[in-house]
Amino acid sequence: MAFISSTNRFNEFRDDFMRDTGIKNVDENIDIYIQYVTARFVDMNHKLLSNLSNEIQELQKVLRKV
């Protein structure tokens, strides 16, 4: 079973943000940056929940056999 964990990577996303958007000054565009980071976290949460749902389904299959 997978261990669910996450780390705060708010500042690490700066390079990705600048590369993905072409915006070079994050401080002047903090509102767009916050939207970008929020979208990244939403995507991460979706992936975690999707994987968790798949693992629960697999566990149900195993438990039915028992």
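The values are calculated or read from the model by the stated rules, or taken from the named source; none is laboratory data. Being a predicted model, the structure only gives us computed values, none of them experimental. Backbone-built Cβ (ideal geometry, glycine too); neighbour counts: all protein chains shown. The area values use the complete protein model at the heavy-atom level, side chains included, leaving out ligands, DNA and RNA. Shrake-Rupley method; radii C 1.70, N 1.55, O 1.52, S 1.80 Å.
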>> Name the residue from N45, F13, I34 whose Cα lies farthest towards the positive end of the charge dipole of the chain, charges +1 on Cβ of Lys and Arg and -1 on Cβ of Asp and Glu.
In response: N45
> When the chain is fully extended, how far beyond the present Cα-Cα distance does D20 get from T7, taking 0.36 nm per residue of separation?
Replying inline: 2.6 nm
>> Using the Karplus curve 6.51 cos²θ - 1.76 cosθ + 1.60 with θ = phi - 60°, what ³J(HN,Hα) values do you get for each residue of region 50-66, in whole Hz, with x for Gly and Pro?
In response: 5, 5, 4, 4, 5, 5, 5, 5, 5, 5, 4, 4, 5, 5, 5, 6, 7
> If you roll a 1.4 Å probe over the chain with all protein chains in place, what percent of the accessible area is carbon or sulfur?
Replying inline: 55 percent
> When Rg is the radius of gyration of the Cα atoms in the chain and Rh is its Kirkwood radius, what does Rg/Rh come to?
Replying inline: 1.23
